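One structure is given here, and the rest of the page talks about it.
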Amino acid sequence: MAILWILLSLASFLFIRYQWYRRRLYYAAWSLNGPISLPIIGSTFPFIFCKTEDLLQQIYQIVNKYDNPIGFWLGPELTVVFKEPRHLEKIMCSSKFSHKHKIYDLMKVFLGEGLITASGQTYKLHKKMIQPLFSLEFSTECVGVFERHMKMCVDKLEGLVGRKYFNIEEVIHKCTADIIGDVVLGYSFESQKGNNVDYTEGFTEVYKIAFARMAKPWLHPNLIFRFSKLGKNLQKICDLSNKLKDEVFAKYSERQKRSKKLVVEPIVDKIARCVKENPGLVSREEFWFHLISLYMASQDTVALIASAACLCFGMYPEYQEKVVREMRSVLGKDIQTLNVEDLTKLPFLDMCVKDVLRLFPIGPYIFRKNLENQHIDKWFLPKDCGIGIPIYNLHRNPTYWKNPDHFYPDHFLPAAEQSRPSFAYIPFSAGPRGCIGKVFANISVKVILIHLLQNFEIEAHGKLPSVKFTMDISTRSLNGYMVKIKRRSN
């Protein structure tokens, strides 16, 4: 009996100490709006019986329901969600909020301490090394690679002309896998020829697995996750990643033995040169985690934006035709080769891409970690609380957008842009954690769309409100990007 009392006393002491340590979190939460919190699962109760495909809409409704800011408990972790652009600007531009939320640690099983998941001084040093590699000059050099692979993509699409509706993302995904494989990894996937499908499909599956784990707190502990079905599937993909790592590094070694230079020096070669110049800065494992992070973020992003743009152009043919008229007036009817200067002369195409990114933001919800006790206006933010940034809601807020649920490129007319707070539109995040590849993505998407619209008229059913949006790490159309195409007449 004495031992039992000792154990109970010890447990009580540890519990009280734990709660005392967290008192600032509870104090902050009292002043915030938000859903009720339950022991262990926090505010995630609505997600327990929610299908993964419905989570985006569930989160969207919760964020819209409560006034700014919102207190949300992700298990035992308090996350404060800010919805106002003026608050988001303070948060996203401050180094005090530049650390990734611990929920991203769940992706480290596959991505390690890569650019997507890392924080702190090491992240800053590595980003400082890698960011200049995705320069405008590099993106310009890559245009020829984009066009070479797009010619094969157009040939593939020729076989689908006049047929029934199909998911164009499946075609574009293979094309972007080949493009990004070449310019980032220095590796030819030859996905459009039907090769290496296990790599390209497996890496796409990582997003779904990671998000499913994030949404289910009981899968957060590594021991439980490892023996789950999701964990076993992810391990198979990790094995694929290790296999690809050996192949990519072997290809790099072969290139170093040859005197002939490539037309475009891939990112892997550029990073390797930086590593040689700064020995000890990046380990072999960190090198690979950065590469696979860059590949996955670039390939998936470009494929999704281009596919979503095709869907929007099919649903809103008046904008498709306006882009084609602009293309022909600037580039002519028979476009053989493109350069970056050509792209700057297509302002309406730029407006269209921007509105696609508004509707399909790369990360619909992103999270940061607060590093110290501080205030945003009157709200106290305790050290170690999370910060939620609801980009998906922000981009659909009727306060800032005339037609929030429709594809409406006029949102980005100069006068409209000037009338909005700058942080009402953040498709690539912003501040110290902003996307390093946004220029590259923007150029590659435009090259893809120009080649598609030069050759094909795109049709799609309905308007955008009829699309069911879903998410894993990115925003997607649940039922794919279903379009029909026919040859464009001259």
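Overview of values
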item	result
Residues whose placed amide H lies under 5 Å from that of Leu74, excluding near-sequence neighbours	Ser43, Thr79
Extension gain, Thr52 back to Lys383 (0.36 nm per residue minus Cα-Cα distance, nm)	116.1 nm
Cut-off 12 Å between beta-carbons: net charge of the residues surrounding Asn33, Lys and Arg +1, Asp and Glu -1	+1
Rounded Å value of the spacing that divides the Cα centres of region 175-204 and region 470-490	20 Å
Computed helical MRE - 222 nm, the chain, DSSP H runs ≥ 4 contributing -39500 (n - 2.57), nearest 500	-16500 deg cm²/dmol
Cα-based equivalent ellipsoid, the chain: semi-axes from gyration tensor eigenvalues, Å	40, 28, 21
Listed residue pairs exceeding 26 Å between alpha carbons, taken from Lys216/Lys236; Lys345/Lys484; Lys151/Lys333; Lys83/Lys402; Lys108/Lys369; Lys193/Lys257	Lys345/Lys484; Lys193/Lys257
Helix runs (DSSP H) in the chain reaching 24 Å along axis by Cα, Kyte-Doolittle at least 0.5	2-21, 284-315, 438-455
Estimated translational D of region 265-370 in µm²/s (Stokes, Kirkwood radius over Cα pairs; 10 °C; 1.306 mPa s)	92 µm²/s
Global size of region 355-394 as Cα Rg and Dmax, reported in angstrom	13.1, 37
Distance from region 87-116 to region 207-276 (C-alpha centre basis), Å	19 Å
Stokes-Einstein translational diffusion, region 233-302 - Kirkwood Rh over all Cα pairs, 1.567 mPa s, 4 °C, in µm²/s	96 µm²/s
Placed amide H near Phe456: partners under 5 Å, 5+ positions off or other chain	Arg488
Taking Trp30, Trp218 and counting other C-beta atoms within 10 Å, the order from fewest to most	Trp30, Trp218
3J(HN,Hα) from dihedral phi, region 73-82, Karplus parametrisation 6.51/-1.76/1.60, rounded to Hz, x for glycine, proline	9, 8, x, x, 9, 7, 10, 9, 9, 9
J(HN,Hα) series, region 413-422, from Karplus relation 6.51 cos²θ - 1.76 cosθ + 1.60, nearest Hz, glycine and proline x	4, x, 5, 5, 5, 5, 7, 9, x, 4
Where trypsin sites (Lys or Arg not before Pro) fall in DSSP loop in region 30-90, at most 12 other Cβ within 10 Å	Lys51
Percent RCO, i.e. relative contact order, over region 25-487, from Cα pairs under 8 Å lying at least 6 residues apart	27 percent
Reach of Lys378 by Cα under 19 Å, taken over aspartates and glutamates that are not fewer than 8 positions away in the same chain	Asp67, Glu84, Glu89
Rounded to the nearest 20 debye, dipole of the chain from Cβ charges on Lys, Arg, Asp, Glu	820 debye
³J(HN,Hα) computed for each position of region 395-406 - Karplus, 6.51 cos²θ - 1.76 cosθ + 1.60, integer Hz, glycine/proline x	6, 10, 6, x, 5, 10, 10, 5, 10, x, 9, 10
Net length gained if the chain between Ile224 and Ser466 were fully extended (0.36 nm per residue, minus Cα distance)	83.3 nm
Those GluC sites (Glu not before Pro) in region 299-375 that DSSP places in a loop and that have at most 16 other beta carbons within 10 Å	Glu372
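Read-outs throughout are calculated quantities, based only on the coordinates presented, and are distinct from any laboratory measurement. Computed from a prediction, not measured in an experiment: that's the story for all the values here. Every residue, glycine among them, receives a Cβ derived from its backbone with ideal geometry; neighbour counts consider all protein chains shown.
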